Amino acid sequence: MRCTTPDVYVNETMTLTVKPAYKVLKTVPATFKTVTEQVEVKAAGKKLTVIPEKWGAETISYVSKEGGNTLRITPASFGTGSETIEVRPAYTQWELGAAAPDCASGNPDDCRYWCYKGYPAEFTTIETTTLASDASVSKSPIASKNASYTKTVLLEPARVVEEVIPAQYKTITKTVLDKDAYTTEETVPAVTKTVTKETLKEKGGLTTWKEVECALVEYQALPINWNSGSATLTDAAKAIIDTKLMPVLNQNPGVKVELASHTDSQGGASSNQDLSERRAKAVADYLISKGVNSSLLVANGYGETKLLNRCKDGVSCTAREHAANRRTQFRLINN
């Protein structure tokens, strides 16, 4: 199969304003309503009444002479006593005794003996004065004296009693403005149209030859279950394209593919032709969004012109027979 290096185009989307936005103004007249209102014909007033104060007598008790204490002093008393003290302690000493009467020596210091002699302690007794009881003070209370006096006290102060005299009213009826006249503004949005154009990014034109499977030059089924009257690809339809058609294009780069869509004979021929073309274009647009070059895609809609069975206009067929004619196919074609 002949393959031509395709021109590489970049899709650019442009939004054109085919009709500008504008304002529509409408006038809404004023509306009125009748209301009933209470109006004051005599203001409220007051009546004041003075009530004099009230007095009473109150007895007040007080301390005319405060109480106190008298003090009595009891002087200290003493007694007599004695205390014996040691004025010289007991002691012992060695003393030389008298000469023996039968001493033959004329020396008076001869024939004498030393004796260890003890002497008792010496004491003296001193008379003393002792404290029998110390001085003390005792208190005798003096009772206080109470008295009272009478004073005049205010039992209830003078006051003013205020009596409200209510206002007098009258009911009147008047017509008032409910809502003034006004203008409403409605903005009619602009009408735009999105146009997609292709801009040449890289010039192709190199022709090569490539071997492909013979079956791929014949129409292959792309089993998309289109919703009735719709040309919108569902997620399930996109998954079918991804698994059945994309691998063929990836294995045969540079080969052109025809996308063919058909309808059954039910409905008008013109509407069937338009629906088949929109379905073929929907598949082509999805492939372009996946990165397939648009110059390698040929989207054709055949409407009801290539029926697979006898179910043309005026022939009674079952739903299954009509369903056989509603199909989308693809095949590889020469550049």
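The values are calculated or read from the model by the stated rules, or taken from the named source; none is laboratory data. Note that the coordinates shown come from a computational prediction; the quantities given were computed from them, not determined experimentally. Cβ placement follows ideal geometry from the backbone for every residue including glycine, while neighbour counts extend to all protein chains displayed. Areas reflect the complete protein model, heavy atoms only, side chains present, ligands, DNA and RNA absent. Shrake-Rupley method; radii C 1.70, N 1.55, O 1.52, S 1.80 Å.
General observations
- Residue within the range 245-257 that is at pLDDT 90 or above, part of a strand (DSSP E or B) and closer than 27 Å to ALA319 by Cβ present: no
- Of the listed requirements (1) buried (at least 16 other Cβ atoms within 10 Å of the Cβ); (2) touching a Leu at 6+ places or on another chain (Cβ under 9 Å); (3) of a type outside the set (Ser, Thr, Tyr), ASN300 misses just one: (1).
- In the range 133-173, residue farthest from the chain's Cα centre (by Cα) [restricted to those that are surrounded by 10 or more Cβ atoms within 10 Å (Cβ to Cβ) and charged (D, E, K, R)]: LYS139
- Of residues in the range 205-234 being assigned to a loop (DSSP other than H, G, I, E, B), polar (S, T, N, Q) and out of contact with any Phe, Trp or Tyr (no Cβ under 9 Å at 6 or more places or on another chain), the one modelled with the lowest pLDDT: SER228
- Whichever residue in the range 284-304 is part of a helix (DSSP H, G or I) and either in contact with an Asp or Glu (Cβ under 8 Å, 6 or more places away or on another chain) or of a type in the set (Gly, Ala, Ser) (or both) and, among such residues, is nearest to SER265 (Cα to Cα): ALA284
- Being part of a strand (DSSP E or B), closer than 30 Å to LYS23 by Cβ and of a type in the set (Val, Ile, Thr) is a property that does not hold for THR152.
- ASN272 being at pLDDT below 90 and open to solvent by less than 50 Å² (accessible area, probe 1.4 Å): no
- Residue pairs meeting the criteria (Cβ under 7 Å; at least 6 apart or on separate chains; first more than 10 Å from HIS262 (Cα to Cα), in the range 288-312; second assigned to a loop (DSSP other than H, G, I, E, B) and at pLDDT 90 or above): CYS311/ASP264; CYS311/SER265; CYS311/CYS317; LYS312/SER265
- Residue check: SER261 meets all listed conditions (1) touching a Ser or Thr at 6+ places or on another chain (Cβ under 7 Å); (2) of a type outside the set (D, E, K, R); (3) modelled with pLDDT under 90 but one, namely (3).
- Test: residue in the range 57-76 that is over 30 Å from ILE142 (Cα atoms), in contact (Cβ under 8 Å) with a residue 12 or more places away in the chain and open to solvent by less than 70 Å² (accessible area, probe 1.4 Å): no
- Only one of SER265, SER271 that is more than 25 Å from ASN293 (Cβ to Cβ), free of Cβ contacts under 8 Å to residues at least 60 places away in the same chain and among the small types (Gly, Ala, Ser): SER271
- Matching residues in the range 275-287 - criterion: being open to solvent by 50 Å² or more (accessible area, probe 1.4 Å) and in contact (Cβ under 8 Å) with a residue 12 or more places away in the chain: GLU277, ARG278, LYS281
- Residue in the range 305-318 that is over 57 Å from the mean Cα position of the chain (by Cα), part of a helix (DSSP H, G or I) and either surrounded by 13 or more Cβ atoms within 10 Å (Cβ to Cβ) or of a type in the set (S, T, N, Q) (or both) present: no
- Some residue of the range 113-121 being surrounded by 10 or more Cβ atoms within 10 Å (Cβ to Cβ), among the charged types (D, E, K, R) and at pLDDT 80 or above: yes
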